[in-house]
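The values are calculated or read from the model by the stated rules, or taken from the named source; none is laboratory data. Nothing here was measured: the structure is a model prediction, and the numbers come from that model. Cβ placement follows ideal geometry from the backbone for every residue including glycine, while neighbour counts extend to all protein chains displayed.
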Number of protein chains: 2
Amino acid sequence: MSEESIKSYFDKVDSLKSSFISRLADAVAIPSISAEPERRPDVRRMGLWLESQLKELGATDIVLKDLGIQHDTADLPLPPIVLARYGTDPDKKNILIYGHYDVQPAQLEDGWNTDPFTLIEKDDVFYGRGATDDKGPVVAWLNMLQAHKELGLEIPVNLVFCFEGMEESGSLGLEELIIAEKDEYFKGVDAVCISDNYWLGTKHPVLTYGVRGCNYYSITIEGPAADLHSGLFGGVVHEPMIDLSHIFSKLVTPKGEILIPGIQEMVAPLTTAEDKLYDAINFDLEGFEGNIGSKTVIQDNVKDALQARWRNPSLSIHGVEGAFYGAGAKTVIPAKVIGKFSIRTVPDIESAKLDQIVIKYVEDIFATLGSKNKLKAELIHDGMYWVTDPHNWSFRAAAKATKAVWNVEPDYTREGGSIPITLSFQDVLKTSVILLPIGRGDDGAHSTNEKLDLVNYIQGTKTLGAYLHYLSQEEKDA
Amino acid sequence: MSEESIKSYFDKVDSLKSSFISRLADAVAIPSISAEPERRPDVRRMGLWLESQLKELGATDIVLKDLGIQHDTADLPLPPIVLARYGTDPDKKNILIYGHYDVQPAQLEDGWNTDPFTLIEKDDVFYGRGATDDKGPVVAWLNMLQAHKELGLEIPVNLVFCFEGMEESGSLGLEELIIAEKDEYFKGVDAVCISDNYWLGTKHPVLTYGVRGCNYYSITIEGPAADLHSGLFGGVVHEPMIDLSHIFSKLVTPKGEILIPGIQEMVAPLTTAEDKLYDAINFDLEGFEGNIGSKTVIQDNVKDALQARWRNPSLSIHGVEGAFYGAGAKTVIPAKVIGKFSIRTVPDIESAKLDQIVIKYVEDIFATLGSKNKLKAELIHDGMYWVTDPHNWSFRAAAKATKAVWNVEPDYTREGGSIPITLSFQDVLKTSVILLPIGRGDDGAHSTNEKLDLVNYIQGTKTLGAYLHYLSQEEKDA
């Protein structure tokens with residue numbers, strides 16, 4: 001495949017812009033929120049939309065994998081995993097493309113400026129739930145197929161698509177499917193490409209070689225049989241919310257230092273080589289502050305901040321279930337509160353050992369409080385971290401594609417957030433995985449007014465296509 | 001008025017039981033939640049229901065005092081204060097009856113066993129929001145009118161009714177009305193009776209001569225411009241929820257000791273005489289545990305527990321606005337959280353001085369955290385404590401009424417909860433106020449499955465009527 005072919009592909013992508021925008025608008029219009037049971041039919045509808053798109057664009061062997069009923073529910077069906085192929089040439093490499101078609105919850109009242117499920121353009125930026133996470137990238141893969149089809153240009157690798165509808169709700173059923181299809185649908189996969197994360201900042205393209213894991217815990221404290229009036233029982237009863245506040249304050253300092261002993265000791269030491277990687281990155285503290293929208297970064301330099309985000313564990317307190325959460329004043333002593341916190345994990349933290357340390361620590365702290373309430377600390381869910389070699393053949397191809405589209409060398413980043421399925425693909429399929437994002441660091445995934453810049457959408461579509469071309473030429477590592 | 005009249009009144013009350021139950025059911029069916037703006041029309045509807053009841057029962061000069069638009073809202077009308085008279089004989093004493101017709105929020109999902117706005121009877125107990133707080137007592141006054149009317153029995157005092165619809169939301173507008181009507185509608189009031197609290201336990205009737213006050217505070221901590229993904233920013237950003245947890249933990253110990261210096265110093269010393277009052281009270285630690293539904297009382301003896309509840313300040317943490325409060329796991333770093341706590345006040349704490357101490361303390365603690373977030377601590381509302389002489393003429397009449405109905409001497413109690421309007425009536429009208437409860441200590445006001453026992457409802461109606469009869473005979477104190 002020549003540089004001319006790539007050039008013709010890029011031109012075609014540019015010329016198809018309005019068609020691509022309309023495809024993204026169609027995708028965003030389906031409120032496929034996996035976390036809301038009443039939206040489950042919309043998630044399924046989104047899967048069917050993908051099926052019809054793939055069919056129209058020439059994909060074959062399309063299968064909607066039925067995952068049955070969601071565990072612990074009476075009759076809530078899981079959305080199907082959409083599998084499809086494009087090309088079966090035994091002389092070509094086989095590349096698995098993963099994406100997800102479900103989205104985070106969103107409603108206008110959360111603070112959106114416009115209806116989250118109507119794609120709205122303003123100043124060359126597209127706003128809508130899923131625009132960047134992950135409908136934009138999924139649709140970009142479809143755009144790539146369309147551009148090749150219209151050009152009559154051959155795709156130089158075989159593609160295996162795997163699009164799930166439960167990523168925002170724990171990827172239920174996906175790992176089992178990967179295991180089941182290892183030697184079936186996914187047989188012979190040479191590399192996996194996932195476009196489901198973001199650039200570090202707003203200007204420089206990146207390739208991502210690691211993600212943190214996440215162990216999410218709950219602390220349940222029970223006292224009175226029912227909520228009490230604080231006038232009647234304040235000062236007389238051990239208040240679960242007071243106990244919880246004391247435990248929360250012993251987990252982490254306001255400067256982000258985890259107070260639970262034994263965790264830092266499991267973190268892989270920072271080598272000089274690794275430390276140096278951080279010096280080359282095109283980002284600054286102002287970039288962080290831009291993402292956050294305020295000057296509340298803990299660290300005073302970007303290198304420390306990036307290491308805190310990528311290679312060090314962190315502990316966040318998310319909130320409290322069962323306490324008063326409304327506006328105004330309510331003089332209640334909540335009878336039972338469930339505190340939620342999570343720890344982001346990195347090499348070489350062992351998940352099971354972490355659980356043991358954390359739960360014992362919480363129990364020990366509670367024992368010192370002298371409270372007569374009852375405590376239960378437990379893991380809600382965990383997902384492992386993942387780190388790979390940022391210079392393997394798949395990354396080399398992606399670097400060339402980035403250079404061809406953006407005319408710069410990519411930055412090599414890790415992610416703070418977990419994408420647990422990355423590790424499953426790597427370990428089960430015994431293959432290399434790359435995270436190749438197209439959106440920017442300020443896209444607001446999981447937040448209000450989620451967006452995707454037009455330039456990222458179009459150049460991203462180019463990058464994904466070019467990656468496949470360079471990948472076909474790149475020699476696999478031993 | 002003879003003992004026979006009282007006996008005939010008691011018999012009439014017994015015979016009207018089913019009519020009284022149906023009146024309470026009508027009252028509970030109107031979801032008059034003053035804290036929820038969208039329920040404001042229901043609060044008004046409840047006021048109109050009261051008006052029609054009073055009219056039907058022969059009250060005169062009924063006025064629905066329009067209080068205008070709620071401060072700080074665009075167009076939220078305050079519910080009217082319902083005023084009415086019964087009798088204007090210049091030779092009779094004038095007794096002001098206060099109650100409130102609004103209720104606390106309630107929904108089935110909070111943990112109610114039955115619909116909170118349908119009065120449900122089970123084993124001679126009536127469940128429903130407002131059954132005891134304060135629709136039961138308000139309706140008991142109506143029942144008292146009905147019984148007298150049907151008997152053709154004269155009420156030996158003139159009554160002035162004052163029923164408000166914003167008690168659960170700070171009694172907005174009431175104090176101003178008392179001041180405005182001091183020499184008008186409320187001219188010549190000799191005593192005020194409020195039935196809006198509870199027995200100490202479940203067996204022994206009480207008269208109440210004091211209540212704690214309540215200063216309710218919020219702590220607002222703001223950091224990022226919007227909620228963040230904890231994977232992307234955990235460990236990098238100062239988290240408002242972590243800051244708040246640290247501040248919460250510095251307010252009060254799990255054993256209820258307030259950690260803010262300068263408060264205990266303002267508390268009136270316990271005299272030997274006052275200390276002795278506590279020895280006579282019919283209550284025990286098991287009673288407390290029964291109220292609470294668990295063995296989580298802080299004190300190891302009932303006297304200390306009662307003093308903690310009545311004559312000492314306490315600090316309760318109610319919850320957090322803006323953090324994750326749902327079930328399950330959400331990996332969010334809340335951008336802005338508002339912590340809610342309150343302090344119950346007692347003689348001789350000065351409210352304004354307390355605010356100053358508390359807000360400065362919270363600010364000082366925050367300053368030690370080294371957080372770059374922004375903090376604002378402020379008072380949401382306050383209500384003063386009140387203590388009176390438990391042996392004045394109004395209490396003597398109420399003690400006789402209690403003896404006539406229950407055949408025991410009442411216990412003399414104070415309340416942990418605040419009824420700020422008590423103090424306004426006393427101070428503005430220069431009159432004596434009595435709290436004469438009919439419900440039990442385990443009624444669950446402000447909680448789920450709020451209830452009123454049938455026997456309390458019926459005997460309470462008797463007590464309120466008998467109180468008026470004895471009051472007409474009792475000589476006013478100098």
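Just a few scattered comments:
- Whether a residue is in contact (Cβ under 8 Å) with a residue 24 or more places away in the chain, more than 29 Å from B:L379 (Cβ to Cβ) and not assigned by TED's automatic domain parsing to the domain that holds B:S218 was assessed, and B:A280 passes this test.
- Residue satisfying condition, being aliphatic (A, V, I, L, M) and closer than 19 Å to A:C162 by Cβ, within set A:L16, A:L67, A:L76, A:L24: A:L67
- Of all the residues in segment A:334-376, those that are surrounded by fewer than 22 Cβ atoms within 10 Å (Cβ to Cβ) and among the hydroxyl-bearing types (S, T, Y) number 3.
- In segment B:381-409, residue surrounded by the fewest Cβ atoms within 10 Å (Cβ to Cβ) [restricted to those that are at pLDDT below 95 and touching a Lys or Arg at 6+ places or on another chain (Cβ under 8 Å)]: B:E409
- Unmet requirement for B:D183, which otherwise passes all of (1) in contact (Cβ under 8 Å) with a residue 60 or more places away in the chain; (2) assigned by TED's automatic domain parsing to the domain that holds B:P390: (1)
- Qualifying residue in segment B:145-152 (condition: over 22 Å from the mean Cα position of the chain (by Cα), free of Cβ contacts under 8 Å to residues at least 40 places away in the same chain and over 18 Å from B:V43 (Cβ atoms)): yes
- Hey, A:A180 over 21 Å from the mean Cα position of the chain (by Cα) and more than 9 Å from every other protein chain (Cβ to nearest Cβ) or not: yes
- Enumeration of residues in segment A:142-157 that are buried (at least 20 other Cβ atoms within 10 Å of the Cβ) and either in a helix (DSSP H, G or I) or not assigned by TED's automatic domain parsing to the domain that holds A:Y86 (or both): A:L142, A:N143, A:M144, A:L145, A:Q146, A:A147, A:H148
- Flag for A:L468 being within 14 Å of another protein chain (Cβ to nearest Cβ) and either under 20 Å from A:G99 (Cβ atoms) or small (G, A, S) (or both): no
- From the options A:D427, A:D442, residue that is surrounded by fewer than 23 Cβ atoms within 10 Å (Cβ to Cβ), within 14 Å of chain B (Cβ to nearest Cβ) and either touching a residue at least 60 places away in the same chain (Cβ under 8 Å) or not in a loop (DSSP other than H, G, I, E, B) (or both): A:D442
- Residue match in segment A:304-311 (condition: buried (at least 20 other Cβ atoms within 10 Å of the Cβ), without any contact (Cβ under 8 Å) to a residue 12 or more places away in the chain and within 7 Å of chain B (Cβ to nearest Cβ)): no
- Between A:D227, A:D190, the distinction of being touching a residue at least 60 places away in the same chain (Cβ under 8 Å) and either surrounded by fewer than 21 Cβ atoms within 10 Å (Cβ to Cβ) or over 30 Å from B:P313 (Cβ atoms) (or both) belongs to A:D190 only.
- Any hit, segment A:119-127, residues being within 25 Å of A:P437 (Cα to Cα), in contact with a strand residue (DSSP E or B) (Cβ under 9 Å, 6 or more places away or on another chain) and in a loop (DSSP other than H, G, I, E, B): yes
- The test for being modelled with pLDDT of 95 or more and either in contact with an Asp or Glu (Cβ under 7 Å, 6 or more places away or on another chain) or within 24 Å of B:S2 (Cβ to Cβ) (or both) holds for B:P90.
- Residue count, segment B:167-187 (criterion: of a type outside the set (G, A, S), surrounded by fewer than 22 Cβ atoms within 10 Å (Cβ to Cβ) and within 20 Å of B:P105 (Cα to Cα)): 1
- 1 or more residues modelled with pLDDT under 95 and more than 7 Å from every other protein chain (Cβ to nearest Cβ): qualifying helices (runs of 4 or more DSSP H) within segment A:192-297: A:272-277, A:285-292
- Each residue in segment B:322-336 was checked for being facing chain A (nearest Cβ under 7 Å) and touching a residue at least 60 places away in the same chain (Cβ under 8 Å), and 5 pass.
- Matching residues, segment B:445-469, being surrounded by 23 or more Cβ atoms within 10 Å (Cβ to Cβ) and among the hydroxyl-bearing types (S, T, Y): B:S447, B:Y457, B:T461, B:T463, B:Y467
- Any chance A:A397 is more than 9 Å from chain B (Cβ to nearest Cβ) and in contact with a Leu (Cβ under 6 Å, 6 or more places away or on another chain): yes
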